[in-house]
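All remarks here apply to the structure that follows.
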Amino acid sequence: MNAPSHASKDKSWRSLWLSSGALSLALLGDALIYIVLPVNAEAFGVGLAWVGILLAANRIVRTFSYGMIAVLGERIGIRNLCILATVTAIVSTAMYGLVAGWAALLVARILWGLSYGALLLAALGYAASDRARTGSRVGVSRAIEQVGPLLALTVGAWLAGIVGPQEVFLYLALVSCIGALFALKLPRRIDKPPTPRADLPSALPKPDRLDILIFWMGFSIDGVFTMTVTIMLAEHIVLEMAMLLGGLFFAGRRVIEMVAAPLSGYIADRFGVRTPLTATSFLLVIGLGLVGLGWLYTGALAIVLARGALGTLIPAAVALFAPDAVLQSLARNQTWRDIGAAMGPLTTGFVLGSTTPENLHRVLAMIVLASLLWLLAWPTWRSR
(Lines give C-alpha, C1' and ligand atoms only; values in the text may rest on other atoms or scores of the structure.)
Protein backbone atom coordinates (compact mmCIF):
# COMPACT_ATOMS: atom_id res chain seq x y z
CA MET A 1 0.00 0.00 0.00
CA ASN A 2 2.96 2.31 0.53
CA ALA A 3 4.20 2.10 -3.05
CA PRO A 4 1.25 3.93 -4.63
CA SER A 5 1.42 6.57 -1.92
CA HIS A 6 5.12 7.21 -2.57
CA ALA A 7 4.53 7.23 -6.31
CA SER A 8 1.72 9.72 -5.91
CA LYS A 9 3.90 11.99 -3.76
CA ASP A 10 6.76 11.81 -6.25
CA LYS A 11 4.39 12.72 -9.08
CA SER A 12 2.98 15.58 -7.02
CA TRP A 13 6.45 17.03 -6.39
CA ARG A 14 7.34 16.56 -10.06
CA SER A 15 4.28 18.63 -11.01
CA LEU A 16 5.38 21.32 -8.59
CA TRP A 17 8.88 21.50 -10.10
CA LEU A 18 7.56 21.57 -13.66
CA SER A 19 4.92 24.26 -13.10
CA SER A 20 7.29 26.44 -11.07
CA GLY A 21 10.02 26.00 -13.67
CA ALA A 22 7.63 27.08 -16.41
CA LEU A 23 6.78 30.21 -14.40
CA SER A 24 10.44 30.95 -13.69
CA LEU A 25 11.44 30.78 -17.37
CA ALA A 26 8.41 32.82 -18.42
CA LEU A 27 9.62 35.62 -16.11
CA LEU A 28 12.84 36.16 -18.09
CA GLY A 29 11.44 38.81 -20.38
CA ASP A 30 9.46 40.66 -17.72
CA ALA A 31 12.42 40.88 -15.33
CA LEU A 32 14.71 42.35 -18.00
CA ILE A 33 12.22 44.81 -19.49
CA TYR A 34 12.25 46.79 -16.22
CA ILE A 35 15.99 47.39 -16.66
CA VAL A 36 16.21 47.80 -20.43
CA LEU A 37 13.11 49.83 -21.34
CA PRO A 38 13.61 52.94 -19.14
CA VAL A 39 17.10 53.64 -20.51
CA ASN A 40 16.34 52.56 -24.10
CA ALA A 41 12.88 54.04 -24.60
CA GLU A 42 13.83 55.56 -27.95
CA ALA A 43 14.96 52.19 -29.34
CA PHE A 44 11.52 50.80 -28.52
CA GLY A 45 9.78 53.74 -30.18
CA VAL A 46 8.16 55.18 -27.04
CA GLY A 47 8.54 58.29 -24.95
CA LEU A 48 9.42 58.28 -21.28
CA ALA A 49 5.80 59.03 -20.37
CA TRP A 50 4.79 55.69 -21.86
CA VAL A 51 7.50 53.74 -20.05
CA GLY A 52 5.70 53.95 -16.70
CA ILE A 53 2.37 53.07 -18.27
CA LEU A 54 3.81 50.03 -20.06
CA LEU A 55 5.59 48.75 -16.96
CA ALA A 56 2.41 49.09 -14.88
CA ALA A 57 -0.02 47.74 -17.49
CA ASN A 58 0.54 44.05 -16.74
CA ARG A 59 -0.17 44.51 -13.01
CA ILE A 60 -3.32 46.52 -13.67
CA VAL A 61 -4.63 43.89 -16.08
CA ARG A 62 -4.05 40.94 -13.81
CA THR A 63 -5.48 42.76 -10.80
CA PHE A 64 -8.92 42.57 -12.39
CA SER A 65 -8.52 39.21 -14.14
CA TYR A 66 -7.36 36.78 -11.44
CA GLY A 67 -10.91 35.64 -10.73
CA MET A 68 -11.66 34.98 -14.39
CA ILE A 69 -8.35 33.15 -14.77
CA ALA A 70 -9.20 30.96 -11.78
CA VAL A 71 -12.57 30.05 -13.31
CA LEU A 72 -10.85 29.23 -16.61
CA GLY A 73 -8.36 27.02 -14.77
CA GLU A 74 -11.15 25.15 -13.01
CA ARG A 75 -12.91 24.55 -16.31
CA ILE A 76 -10.04 23.56 -18.61
CA GLY A 77 -7.70 22.14 -15.96
CA ILE A 78 -4.53 23.55 -14.42
CA ARG A 79 -2.29 21.74 -16.92
CA ASN A 80 -4.03 23.28 -19.93
CA LEU A 81 -4.02 26.67 -18.23
CA CYS A 82 -0.27 26.38 -17.70
CA ILE A 83 0.36 25.36 -21.33
CA LEU A 84 -1.73 28.24 -22.66
CA ALA A 85 -0.01 30.73 -20.37
CA THR A 86 3.54 29.62 -21.24
CA VAL A 87 2.84 29.97 -24.95
CA THR A 88 1.35 33.43 -24.41
CA ALA A 89 4.36 34.44 -22.30
CA ILE A 90 6.73 33.37 -25.09
CA VAL A 91 4.77 35.48 -27.58
CA SER A 92 4.89 38.45 -25.20
CA THR A 93 8.67 38.19 -24.71
CA ALA A 94 9.27 37.80 -28.45
CA MET A 95 7.16 40.90 -29.13
CA TYR A 96 9.57 43.01 -27.05
CA GLY A 97 12.23 42.12 -29.63
CA LEU A 98 10.09 42.38 -32.76
CA VAL A 99 7.78 45.38 -32.39
CA ALA A 100 8.07 49.07 -31.56
CA GLY A 101 5.63 51.75 -30.53
CA TRP A 102 3.37 52.05 -27.52
CA ALA A 103 0.35 50.24 -29.02
CA ALA A 104 2.18 47.00 -29.88
CA LEU A 105 4.16 47.04 -26.63
CA LEU A 106 0.96 47.62 -24.67
CA VAL A 107 -0.52 44.49 -26.25
CA ALA A 108 2.62 42.58 -25.24
CA ARG A 109 2.36 43.82 -21.64
CA ILE A 110 -1.34 42.93 -21.44
CA LEU A 111 -0.57 39.43 -22.74
CA TRP A 112 2.15 39.11 -20.12
CA GLY A 113 -0.17 40.25 -17.32
CA LEU A 114 -2.66 37.52 -18.22
CA SER A 115 0.12 34.96 -18.63
CA TYR A 116 1.72 35.72 -15.28
CA GLY A 117 -1.61 35.59 -13.47
CA ALA A 118 -2.36 32.17 -14.97
CA LEU A 119 1.12 30.74 -14.37
CA LEU A 120 1.20 31.97 -10.78
CA LEU A 121 -2.20 30.47 -9.97
CA ALA A 122 -1.20 27.22 -11.71
CA ALA A 123 2.02 26.93 -9.70
CA LEU A 124 0.21 27.71 -6.45
CA GLY A 125 -2.55 25.29 -7.41
CA TYR A 126 -0.08 22.43 -7.76
CA ALA A 127 1.60 23.49 -4.51
CA ALA A 128 -1.73 23.45 -2.64
CA SER A 129 -2.71 20.03 -4.00
CA ASP A 130 -1.05 18.45 -0.94
CA ARG A 131 -2.64 20.30 1.99
CA ALA A 132 -0.41 18.60 4.58
CA ARG A 133 2.71 20.07 2.96
CA THR A 134 1.37 23.27 1.45
CA GLY A 135 3.90 25.49 3.25
CA SER A 136 6.96 23.54 2.13
CA ARG A 137 5.64 23.15 -1.39
CA VAL A 138 4.79 26.83 -1.81
CA GLY A 139 8.23 27.71 -0.42
CA VAL A 140 9.99 25.49 -2.94
CA SER A 141 7.83 26.92 -5.72
CA ARG A 142 8.69 30.50 -4.79
CA ALA A 143 12.39 29.65 -4.63
CA ILE A 144 12.32 28.13 -8.12
CA GLU A 145 10.41 31.17 -9.37
CA GLN A 146 13.34 33.45 -8.48
CA VAL A 147 15.86 31.62 -10.70
CA GLY A 148 14.63 33.03 -14.02
CA PRO A 149 14.58 36.69 -12.92
CA LEU A 150 18.05 36.30 -11.39
CA LEU A 151 19.37 35.03 -14.72
CA ALA A 152 17.66 37.89 -16.54
CA LEU A 153 19.07 40.52 -14.17
CA THR A 154 22.61 39.18 -14.62
CA VAL A 155 23.19 37.21 -17.82
CA GLY A 156 20.31 38.90 -19.66
CA ALA A 157 21.52 42.40 -18.81
CA TRP A 158 25.05 41.47 -19.93
CA LEU A 159 23.74 39.97 -23.18
CA ALA A 160 21.66 43.09 -23.91
CA GLY A 161 24.87 45.10 -24.06
CA ILE A 162 26.24 42.74 -26.71
CA VAL A 163 23.32 41.95 -29.03
CA GLY A 164 21.16 45.02 -28.43
CA PRO A 165 18.30 46.08 -26.12
CA GLN A 166 15.56 44.62 -28.32
CA GLU A 167 17.36 41.65 -29.87
CA VAL A 168 18.11 40.17 -26.43
CA PHE A 169 14.41 39.41 -25.93
CA LEU A 170 14.41 37.07 -28.93
CA TYR A 171 17.07 34.98 -27.20
CA LEU A 172 15.08 35.04 -23.98
CA ALA A 173 11.95 33.94 -25.85
CA LEU A 174 13.85 30.92 -27.18
CA VAL A 175 14.97 29.99 -23.67
CA SER A 176 11.40 30.44 -22.43
CA CYS A 177 10.31 27.71 -24.86
CA ILE A 178 11.80 25.23 -22.40
CA GLY A 179 9.05 26.30 -20.02
CA ALA A 180 6.44 25.23 -22.57
CA LEU A 181 8.04 21.77 -22.61
CA PHE A 182 7.80 21.70 -18.81
CA ALA A 183 4.09 22.53 -19.04
CA LEU A 184 3.48 19.77 -21.60
CA LYS A 185 4.99 17.23 -19.19
CA LEU A 186 2.54 18.12 -16.42
CA PRO A 187 -0.01 15.42 -15.52
CA ARG A 188 -3.50 15.89 -16.83
CA ARG A 189 -4.93 15.94 -13.30
CA ILE A 190 -3.62 16.81 -9.86
CA ASP A 191 -4.30 14.57 -6.88
CA LYS A 192 -7.01 16.82 -5.44
CA PRO A 193 -8.43 19.04 -8.17
CA PRO A 194 -10.28 22.12 -6.96
CA THR A 195 -14.04 22.00 -6.84
CA PRO A 196 -15.46 23.70 -9.95
CA ARG A 197 -17.72 26.69 -9.45
CA ALA A 198 -20.29 27.74 -11.98
CA ASP A 199 -20.55 31.35 -10.89
CA LEU A 200 -18.27 33.98 -12.34
CA PRO A 201 -16.45 36.09 -9.76
CA SER A 202 -16.62 39.85 -9.67
CA ALA A 203 -13.59 41.73 -10.95
CA LEU A 204 -13.06 43.12 -7.45
CA PRO A 205 -13.85 40.38 -4.90
CA LYS A 206 -14.85 41.31 -1.37
CA PRO A 207 -11.82 41.05 0.95
CA ASP A 208 -11.73 39.28 4.29
CA ARG A 209 -9.45 40.32 7.16
CA LEU A 210 -6.50 38.35 5.81
CA ASP A 211 -6.93 40.05 2.43
CA ILE A 212 -6.90 43.47 4.15
CA LEU A 213 -3.56 42.63 5.77
CA ILE A 214 -2.26 41.37 2.42
CA PHE A 215 -3.38 44.62 0.77
CA TRP A 216 -1.37 46.73 3.20
CA MET A 217 1.64 44.43 2.88
CA GLY A 218 1.58 44.86 -0.89
CA PHE A 219 1.07 48.61 -0.47
CA SER A 220 4.00 48.98 1.91
CA ILE A 221 6.56 46.46 0.58
CA ASP A 222 6.04 46.26 -3.18
CA GLY A 223 4.66 49.78 -3.41
CA VAL A 224 6.14 52.40 -1.09
CA PHE A 225 9.35 50.69 0.04
CA THR A 226 10.34 49.48 -3.44
CA MET A 227 9.74 52.93 -4.92
CA THR A 228 11.54 54.92 -2.23
CA VAL A 229 14.53 52.77 -1.24
CA THR A 230 16.79 54.34 -3.89
CA ILE A 231 15.53 57.81 -2.97
CA MET A 232 16.46 57.20 0.67
CA LEU A 233 19.87 55.84 -0.33
CA ALA A 234 20.49 58.98 -2.39
CA GLU A 235 19.98 61.07 0.74
CA HIS A 236 23.26 59.68 2.10
CA ILE A 237 25.39 58.83 -0.97
CA VAL A 238 25.84 60.08 -4.53
CA LEU A 239 23.09 59.26 -7.00
CA GLU A 240 25.18 56.88 -9.16
CA MET A 241 26.16 54.82 -6.12
CA ALA A 242 22.55 54.87 -4.89
CA MET A 243 21.34 53.39 -8.19
CA LEU A 244 24.08 50.75 -8.08
CA LEU A 245 23.26 49.80 -4.51
CA GLY A 246 19.56 49.78 -5.39
CA GLY A 247 20.18 47.29 -8.21
CA LEU A 248 22.34 45.10 -5.98
CA PHE A 249 19.68 45.29 -3.30
CA PHE A 250 16.92 43.99 -5.57
CA ALA A 251 19.15 41.21 -6.90
CA GLY A 252 20.10 40.29 -3.33
CA ARG A 253 16.43 40.35 -2.36
CA ARG A 254 15.72 37.50 -4.75
CA VAL A 255 18.61 35.45 -3.35
CA ILE A 256 17.33 35.98 0.19
CA GLU A 257 13.82 34.98 -0.88
CA MET A 258 15.16 31.76 -2.42
CA VAL A 259 16.33 30.78 1.07
CA ALA A 260 13.57 32.31 3.18
CA ALA A 261 10.66 30.91 1.15
CA PRO A 262 11.32 27.14 1.57
CA LEU A 263 12.53 27.59 5.15
CA SER A 264 9.37 29.41 6.20
CA GLY A 265 7.27 26.82 4.38
CA TYR A 266 8.92 24.02 6.32
CA ILE A 267 8.30 25.85 9.60
CA ALA A 268 4.64 26.38 8.67
CA ASP A 269 4.14 22.68 7.95
CA ARG A 270 5.91 21.71 11.16
CA PHE A 271 4.30 24.16 13.61
CA GLY A 272 1.25 25.51 11.76
CA VAL A 273 0.97 28.62 9.61
CA ARG A 274 -0.59 31.05 12.10
CA THR A 275 2.39 31.47 14.44
CA PRO A 276 5.11 32.03 11.79
CA LEU A 277 2.82 34.32 9.77
CA THR A 278 2.10 36.40 12.87
CA ALA A 279 5.79 36.56 13.83
CA THR A 280 6.85 37.49 10.30
CA SER A 281 4.18 40.18 10.11
CA PHE A 282 5.54 41.69 13.32
CA LEU A 283 9.02 41.56 11.73
CA LEU A 284 7.62 43.59 8.82
CA VAL A 285 6.19 46.15 11.25
CA ILE A 286 9.59 46.42 12.95
CA GLY A 287 11.35 46.80 9.57
CA LEU A 288 8.98 49.56 8.44
CA GLY A 289 9.42 51.30 11.77
CA LEU A 290 13.22 51.09 11.60
CA VAL A 291 13.25 52.58 8.10
CA GLY A 292 10.96 55.31 9.37
CA LEU A 293 13.41 56.07 12.16
CA GLY A 294 16.36 56.33 9.76
CA TRP A 295 17.81 52.83 10.25
CA LEU A 296 17.59 52.13 6.52
CA TYR A 297 19.91 49.15 6.13
CA THR A 298 18.68 47.26 9.21
CA GLY A 299 15.06 48.02 8.41
CA ALA A 300 15.49 47.04 4.76
CA LEU A 301 16.97 43.68 5.78
CA ALA A 302 14.00 43.02 8.08
CA ILE A 303 11.55 43.97 5.31
CA VAL A 304 13.26 41.71 2.76
CA LEU A 305 13.33 38.76 5.16
CA ALA A 306 9.66 39.31 5.96
CA ARG A 307 8.75 39.55 2.28
CA GLY A 308 10.55 36.32 1.47
CA ALA A 309 8.74 34.43 4.23
CA LEU A 310 5.32 36.02 3.64
CA GLY A 311 5.44 35.06 -0.04
CA THR A 312 5.15 31.47 1.19
CA LEU A 313 3.15 31.84 4.40
CA ILE A 314 0.30 33.88 2.93
CA PRO A 315 -0.62 31.38 0.16
CA ALA A 316 -0.35 28.60 2.75
CA ALA A 317 -2.75 30.49 5.03
CA VAL A 318 -5.12 31.17 2.14
CA ALA A 319 -5.19 27.44 1.32
CA LEU A 320 -5.92 26.70 4.99
CA PHE A 321 -9.04 28.87 4.86
CA ALA A 322 -10.20 27.48 1.50
CA PRO A 323 -12.16 24.26 1.98
CA ASP A 324 -13.27 24.49 -1.66
CA ALA A 325 -12.06 26.22 -4.81
CA VAL A 326 -8.43 26.86 -3.84
CA LEU A 327 -7.76 28.73 -7.08
CA GLN A 328 -10.59 31.17 -6.36
CA SER A 329 -9.23 31.94 -2.90
CA LEU A 330 -5.67 32.34 -4.17
CA ALA A 331 -6.98 34.60 -6.95
CA ARG A 332 -8.72 36.85 -4.44
CA ASN A 333 -5.52 37.02 -2.38
CA GLN A 334 -3.38 37.97 -5.38
CA THR A 335 -5.95 40.54 -6.50
CA TRP A 336 -5.78 42.50 -3.25
CA ARG A 337 -2.00 42.16 -3.04
CA ASP A 338 -1.62 43.62 -6.53
CA ILE A 339 -4.10 46.41 -5.81
CA GLY A 340 -2.00 47.40 -2.81
CA ALA A 341 1.24 47.14 -4.80
CA ALA A 342 -0.25 49.34 -7.54
CA MET A 343 -1.72 51.95 -5.19
CA GLY A 344 1.50 52.27 -3.17
CA PRO A 345 3.59 54.03 -5.86
CA LEU A 346 0.63 56.14 -6.99
CA THR A 347 0.04 57.39 -3.44
CA THR A 348 3.75 57.92 -2.87
CA GLY A 349 4.07 60.03 -6.00
CA PHE A 350 1.32 62.35 -4.80
CA VAL A 351 2.47 62.78 -1.19
CA LEU A 352 6.28 62.85 -1.46
CA GLY A 353 6.18 66.55 -2.22
CA SER A 354 4.73 67.26 1.21
CA THR A 355 6.35 64.57 3.35
CA THR A 356 9.39 62.27 3.48
CA PRO A 357 9.76 58.54 2.72
CA GLU A 358 10.65 58.00 6.37
CA ASN A 359 7.34 59.50 7.50
CA LEU A 360 5.48 57.23 5.09
CA HIS A 361 7.17 54.16 6.54
CA ARG A 362 6.31 55.19 10.10
CA VAL A 363 2.65 55.59 9.16
CA LEU A 364 2.63 52.26 7.32
CA ALA A 365 4.18 50.49 10.31
CA MET A 366 1.19 51.56 12.40
CA ILE A 367 -1.34 50.64 9.69
CA VAL A 368 0.14 47.15 9.15
CA LEU A 369 0.23 46.61 12.91
CA ALA A 370 -3.43 47.61 13.22
CA SER A 371 -4.38 45.28 10.33
CA LEU A 372 -2.47 42.41 11.94
CA LEU A 373 -4.15 42.91 15.32
CA TRP A 374 -7.54 43.03 13.58
CA LEU A 375 -6.75 39.71 11.90
CA LEU A 376 -5.66 38.13 15.18
CA ALA A 377 -8.99 39.13 16.74
CA TRP A 378 -10.94 37.44 13.92
CA PRO A 379 -12.81 34.36 15.25
CA THR A 380 -12.34 32.55 11.94
CA TRP A 381 -8.57 33.01 12.16
CA ARG A 382 -8.42 31.68 15.71
CA SER A 383 -10.67 28.69 15.00
CA ARG A 384 -8.61 27.22 12.17
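The values are calculated or read from the model by the stated rules, or taken from the named source; none is laboratory data. Keep in mind that this is a model prediction, so the values were computed, not measured. Backbone-built Cβ (ideal geometry, glycine too); neighbour counts: all protein chains shown.
Among the residues making up segment 61-79, a single one is in contact with a Ser or Thr (Cβ under 8 Å, 6 or more places away or on another chain) and outside any helix (DSSP H, G or I): Phe64. Being of a type outside the set (Phe, Trp, Tyr), surrounded by fewer than 21 Cβ atoms within 10 Å (Cβ to Cβ) and within 17 Å of the chain's Cα centre (by Cα), is that true of even one residue in segment 159-167? Checked segment 159-167: no residue is of a type outside the set (Phe, Trp, Tyr), surrounded by fewer than 21 Cβ atoms within 10 Å (Cβ to Cβ) and within 17 Å of the chain's Cα centre (by Cα). Just to be sure before I move on: is Ser220 touching a His at 6+ places or on another chain (Cβ under 8 Å) and either at pLDDT 80 or above or closer than 28 Å to Gly97 by Cβ (or both) in the structure I sent? Considered against the rule, which asks whether it is touching a His at 6+ places or on another chain (Cβ under 8 Å) and either at pLDDT 80 or above or closer than 28 Å to Gly97 by Cβ (or both), Ser220 comes out as yes. Exactly one residue out of Ala302, Ala322 is modelled with pLDDT under 80 and not assigned by TED's automatic domain parsing to the domain that holds Ser65, and it is Ala322. Once segment 128-146 is narrowed to residues that are modelled with pLDDT under 80 and either among the charged types (D, E, K, R) or surrounded by fewer than 18 Cβ atoms within 10 Å (Cβ to Cβ) (or both), the residue that is farthest from Thr88 (Cα to Cα) is Ala132. Note on segment 251-288: residues that are within 20 Å of the chain's Cα centre (by Cα) and either among the basic types (Lys, Arg) or outside any helix (DSSP H, G or I) (or both) total 3.
Only a single item in (1) out of contact with any Lys or Arg (no Cβ under 8 Å at 6 or more places or on another chain); (2) under 29 Å from Ala70 (Cβ atoms); (3) surrounded by fewer than 21 Cβ atoms within 10 Å (Cβ to Cβ) is not met by Pro149, and it is number (1).
Within the set Ala365, Ala342, the sole residue that is more than 22 Å from Gly139 (Cβ to Cβ), modelled with pLDDT of 85 or more, in a helix (DSSP H, G or I) and of a type outside the set (S, T, N, Q) turns out to be Ala365.
The set of residues in segment 11-48 being small (Gly, Ala, Ser) and either in contact with a Pro (Cβ under 6 Å, 6 or more places away or on another chain) or within 22 Å of Ser115 (Cβ to Cβ) (or both) consists of Ser15, Ser19, Ser20, Gly21, Ala22, Ser24, Ala26, Gly29, Ala31, Ala43.
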